[in-house]
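First comes the structure, then the notes that go with it.
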Amino acid sequence: ATGRDIEYMGSFNTLLALGDDALEYNTEYTMWFIPAQESKVIFVDDIISWNFKTANFTEGGSIEVVSSNEEAGYDYVSAELDTNVPHMAMFYAAMPTYKATGYPDDASIVSMLLSRGEFVKSTDKIDAYMDGLDADTEIVFFALGVDADGKYGKPLKKSLKTKAYTYNSLKPTITLEDYKVDSTI
């Protein structure tokens with residue numbers, strides 16, 4: 001509190017010492033401004049309440065997500081996700097193919113990403129990575145880019161498959177170091 005009138009222009013997050021991502025998109029908020037005297041007496045009649053709602057992302061953008069540097073091992077898949085034009089945020093998700101069949105078209109993919117996808121508020125590319133997989137497993141990456149105007153475009157649906165083990169000419173050998181009827185090392 002100060003003893004004079006103040007004027008502030010800037011982010012509420014900065015004013016309240018919150019992080020850059022403190023406000024959620026498409027969410028209703030209420031802020032209260034409470035004046036107080038030096039004696040810590042609050043003037044209840046002068047409390048100002050302000051309701052506002054943050055903007056939602058909307059369709060209609062020409063932005064598209066592209067995948068590069070794709071890699072697949074026996075137990076992991078990875079890719080770099082970026083957009084064809086600069087973005088201010090991205091949503092992404094990954095799942096096995098049998099789950100991905102539940103999102104057959106762009107509309108269902110967008111709905112899933114906006115409601116349950118990982119939200120990254122950044123202009124950087126995303127290093128998408130999934131490990132701990134079985135060999136010969138197909139994984140689907142989904143991603144959606146948001147441009148500077150808050151508009152999203154066509155989502156990405158990219159399938160990557162882990163390597164499969166194949167037959168070779170190797171033959172295993174076993175050497176018994178010490179043999180006993182009741183104990184073998």
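The values are calculated or read from the model by the stated rules, or taken from the named source; none is laboratory data. Since this is a predicted model, take the numbers as computed values, not measurements. Virtual Cβ from ideal backbone geometry, glycine too; neighbours counted across all protein chains shown. Heads up: the accessible areas ignore ligands, DNA and RNA and are worked out on the full protein's heavy atoms, side chains in. Shrake-Rupley method; radii C 1.70, N 1.55, O 1.52, S 1.80 Å.
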- Message: For the range 11-59, which positions are under 30 Å from PHE119 (Cα atoms), modelled with pLDDT under 75 and not hydroxyl-bearing (Ser, Thr, Tyr)?
- Response: PHE12, ASN13, LEU15, LEU16, ALA17, LEU18, GLY19, ASP20, ASP21, ALA22
- Item | Output for the range 34-62, where each listed residue is open to solvent by 80 Å² or more (accessible area, probe 1.4 Å), more than 28 Å from LEU160 (Cα to Cα) and in a strand (DSSP E or B) | ILE42, ILE48, TRP50, ASN51, LYS53
- Task: Tell me which of these VAL65 doesn't satisfy, since it passes every other one: (1) among the β-branched types (Val, Ile, Thr); (2) loosely packed, with under 12 Cβ neighbours inside 10 Å; (3) at pLDDT 85 or above.
- Result: (2)
